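Report on the following structure.
Each reported figure results from applying straightforward, stated rules to the coordinates on display, with no laboratory input. Note that this is a predicted model, so its numbers are computed, not measured. Cβ: placed from backbone, ideal geometry, glycine included. Neighbour counts: every protein chain shown.
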Amino acid sequence: MQTLGIDIGGSGIKGAPVDTITGMLLAERFRIPTPNPSAPHAVAEVVGEIVQHFDWHGPVGCTFPAIVKHGTVQSAANVDQGWIGTNGQELIEELVNCPTIVVNDADAAGIAEMEFGAGRGHEGVVIMLTFGTGIGSAIFNNRILLPNTELGHIEIRGKDAELRASDRARQDKELNWEKWAERVNEYLGRVEYLFSPDLFIIGGGVSKKHEKFIPLLHTQAQIVPALLLNDAGIVGAAMAARSLA
Ligand code: BGC
């Protein structure tokens with residue numbers, strides 16, 4: 001089936017229609033910079049522009065970089081605080097006039113990787129982590145997602161883990177790959193202690209450069225880079241929207 005996947009991120013909002021059977025984008029993706037401030041109505045309007053761009057009238061799936069429970073956003077680590085308590089699903093659905101689902105961004109990326117990427121065929125406990133502005137997480141047990149796990153916010157050395165080990169922390173603190181990998185190893189060690197995964201999938205923008213740092217990471221679980229890179233959010237959002245058909 002075909003649904004429209006939209007990935008709402010801190011710097012850009014991008015979308016494309018997706019064939020959810022093959023995971024292929026059916027048109028070139030369309031991107032609009034995220035409004036600043038990223039307040040609910042401003043973001044919803046950009047989503048509306050993307051829906052219009054594709055002249056779309058079917059199911060819409062959107063990712064959002066926060067806890068999303070039954071459509072309502074419940075946290076806002078890297079987006080406008082006005083989102084907390086907003087039902088993003090209703091807001092977008094009313095504006096675009098299409099059945100809409102909103103899911104956490106890392107959960108969406110994980111869903112896409114499990115089906116079409118690095119998690120294909122993997123049973124057991126798989127943890128997808130996205131390293132970007134924050135750290136996103138998606139945990140699968142025998143391919144079933146436990147949503148909204150928010151492992152970027154576990155505490156390490158008295159700090160939110162993502163403030164130490166995200167890709168933004170690497171860039172802001174000008175850490176070289178070795179220094180950053182030390183922090184990521186400490187983080188992965190903690191996550192491994194908590195969940196004993198069989199596989200870690202490392203995604204987010206920095207996974208494009210995986211050969212620079214994945215060889216420096218050490219866990220008992222296997223560690224592999226994500227395969228869908230930029231498209232994981234769009235494809236996962238589109239897959240979440242299958243339930244609307
Ligand atoms: C948010 C998560 C999100 C992650 C990646 C974190 O700060 O709390 O919900 O998945 O960033 O965007």
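Points to keep in mind about this one:
- From the largest down, the stretch 11-120 spans 36, 31, 24 angstrom on the principal axes of its Cα atoms.
- Contact order normalised by residue count of the stretch 60-181, Cα under 8 Å, 6+ apart, percent: 18
- When the helices of the chain are scored as -39500 (n - 2.57) per DSSP H run of n ≥ 4 and the total is divided over every residue, the value at 222 nm lands at -9500 deg cm²/dmol.
- Our analysis of the stretch 183-245 gives Rg over Rh at 1.07, with the two radii drawn from alpha carbon positions and Rh computed by the Kirkwood formula.
- Ratio of Rg to Rh over the chain (Cα coordinates, Kirkwood Rh, two decimals): 0.96
- Cβ-based net charge around I234, under 15 Å, with every Lys or Arg adding one and every Asp or Glu removing one: -4
- Out-of-range pairs (alpha-carbon distance over 28 Å; input K173/K209; K173/K208; K69/K208; K69/K159; K69/K179; K69/K209): K69/K208; K69/K179; K69/K209
- Once C-alpha pairs closer than 8 Å and six or more residues apart are averaged by separation and normalised to the residue number of the stretch 118-227, the relative contact order reads 30 percent.
- In whole percents, the pair-distance distribution calculated for the stretch 65-142 from its alpha-carbon pairs, binned every 5 Å from zero, is 3, 15, 21, 19, 18, 13, 8, 2.
- Within the stretch 118-227: Cβ-based charge dipole about Cα centre, in debye rounded to nearest 20 (Lys, Arg +1; Asp, Glu -1): 220
- Kirkwood Rh and Cα Rg combined as Rg over Rh, evaluated for the stretch 118-227: 0.93
- For the chain, averaging the sequence separation of C-alpha pairs within contact (under 8 Å, six or more residues apart) and dividing by the residue count gives a relative contact order of 23 percent.
- Max mean-square fluctuation residue, GNM over the chain, Cα-Cα springs under 10 Å, options N148, N78, N104: N78
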